[in-house]
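Heads up, the thing below is written out as structure tokens.
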Amino acid sequence: MNDFFHISILLGPCLDALNIRPDGVYIDATLGGAGHSYHIAERLTGGGTLLCIDRDDEALQNAEGRLAPFRDRVRLCKSDFRALDTVLAQEGFDKADGILFDLGVSSPQLDHGERGFSYMHDAPLDMRMDRQQALTAYDVINTWSREEIRRILFAYGEERYAPLIAAAIERRRAEKPIETTFELVDLIKHAMPAKARREKQHPAKRSFQAIRIAVNDELGAVAEAMDKAIDVLAPGGRLAVITFHSLEDRIVKTAFQKAAQGCTCPKDFPVCVCGKKPRVKIITRKPIVPDSGELAENARARSAKLRVCEKL
């Protein structure tokens, strides 16, 4: 699995944000290519532990080799990151000193055509991050209603031609099932006006993003995971989250603001009666973004945003 390679985005800012202690307990909730994990584990020289979570078997197999120098301090855990609290408890810990989420799809998942994530390779419609889950992109495209497909294309992909594409999918699948990525790409292209096909961005990019998010319930997982991550942080512990999509970023930003808010009593109440206190302080009032040097090296970093909060 040596070809499972992923360039770690915002690596320096992430390591700085986590305030890594050599004896601390840390979670990389999105192991991916293990780039972030490698550099976190490298710093755990005082008996610290890193829990690496991923639901992709290929990522876990790759990490066996890449993290081999640090296996005394690294534990590989197959799980959805929305269950990070359960993973932490199963590994024998009550709290974590730092948690990292990199919500981007790993480069191998995009580049290895057989996974069905990419509109540049012909493959069965799959898009599952966990190949053991039941729902695939084939199911979404061939069994979900026209209205539901329109909704996800618009909501998750911000695809302005969602009604046209959803209608074209409904017509095509009435004749025969849509089975491959290239079949879907061709359908999307022909559903769009000619001017849209001439845009710099690939015509299928937004739709493929939307379908991937739906197949893996990515937004629901992020919302659930933010609450659980804040719960399991130790006082002074840091939560660092990299997003690549405006909807993900909004979920993270809202979760941080809610946890930092404290009292929710009406302003005209003379005293607080709700008893709520802030749970975190927000470290990044504005998200950290890649600098020009990183963008020159890795174009996939261009939409990345890093937000950080600290448990009180």
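The values are calculated or read from the model by the stated rules, or taken from the named source; none is laboratory data. Worth saying up front: this structure is predicted, and the values here are computed from it rather than measured. Backbone-built Cβ (ideal geometry, glycine too); neighbour counts: all protein chains shown. Note: accessible area is taken over every heavy atom of the protein model, side chains too, but ligands, DNA and RNA are not part of it. Shrake-Rupley method; radii C 1.70, N 1.55, O 1.52, S 1.80 Å.
Of the residues in the range 25-41, how many are assigned to a helix (DSSP H, G or I) and buried (at least 23 other Cβ atoms within 10 Å of the Cβ)?
4
Please state which one of T254, T264 is of a type in the set (S, T, Y) and outside any helix (DSSP H, G or I).
T264
Any residue that is modelled with pLDDT under 95, open to solvent by 40 Å² or more (accessible area, probe 1.4 Å) and either more than 18 Å from the chain's Cα centre (by Cα) or among the charged types (D, E, K, R) (or both) - is there at least one of those in the range 92-109?
Within the range 92-109, not a single residue is modelled with pLDDT under 95, open to solvent by 40 Å² or more (accessible area, probe 1.4 Å) and either more than 18 Å from the chain's Cα centre (by Cα) or among the charged types (D, E, K, R) (or both).
Residues being open to solvent by 30 Å² or more (accessible area, probe 1.4 Å), of a type outside the set (G, A, S) and in contact with an Asp or Glu (Cβ under 7 Å, 6 or more places away or on another chain): count how many of those fall in the range 42-75.
Selection size over the range 42-75: 2.
How many residues are open to solvent by 60 Å² or more (accessible area, probe 1.4 Å) and touching a residue at least 40 places away in the same chain (Cβ under 8 Å) if we restrict to the range 184-205?
Residues meeting the conditions: 1.
Across the range 2-24, which residue is modelled with the lowest pLDDT among those that are outside any helix (DSSP H, G or I) and open to solvent by less than 20 Å² (accessible area, probe 1.4 Å)?
F4
Scan (1) open to solvent by 80 Å² or more (accessible area, probe 1.4 Å); (2) under 14 Å from I211 (Cβ atoms); (3) of a type in the set (D, E, K, R) for the single condition E147 breaks and write down its number.
(2)
Name the one entry in A296, A259, A234, A229 that is surrounded by fewer than 16 Cβ atoms within 10 Å (Cβ to Cβ), in a helix (DSSP H, G or I) and among the aliphatic types (A, V, I, L, M).
A296
Is it true that A59 is modelled with pLDDT under 95 and of a type in the set (G, A, S)?
yes
Which residues, taken from the range 267-293, are within 22 Å of the chain's Cα centre (by Cα) and in a strand (DSSP E or B)?
Listed by number, the residues that qualify are V280, I282, I288.
From R150, R43, R66, R73, grab the single residue that is over 28 Å from I20 (Cβ atoms) and of a type in the set (K, R).
Only one candidate passes the filter, namely R150.
Please give the number of the condition A162 fails out of (1) open to solvent by less than 30 Å² (accessible area, probe 1.4 Å); (2) under 18 Å from the mean Cα position of the chain (by Cα).
Unmet for A162, out of (1) open to solvent by less than 30 Å² (accessible area, probe 1.4 Å); (2) under 18 Å from the mean Cα position of the chain (by Cα): (2).
Which one is farthest from F117 (Cα to Cα) among residues in the range 174-183 that are in contact (Cβ under 8 Å) with a residue 40 or more places away in the chain and among the hydrophobic types (A, V, I, L, M, F, W, C)?
I178
Going through V241, V280 one at a time, which residue ends up being open to solvent by less than 50 Å² (accessible area, probe 1.4 Å), modelled with pLDDT of 95 or more and within 30 Å of D56 (Cα to Cα)?
Checking each option against the conditions leaves just V241.
Could you tell me which residue of the range 50-75 is nearest to K311 (Cα to Cα), considering only residues that are assigned to a loop (DSSP other than H, G, I, E, B) and not aliphatic (A, V, I, L, M)?
R73
Return the residue satisfying two criteria in turn: it lies in the range 133-143 and is open to solvent by 50 Å² or more (accessible area, probe 1.4 Å) and free of Cβ contacts under 8 Å to residues at least 40 places away in the same chain, and of such residues it is nearest to R212 (Cα to Cα).
A134
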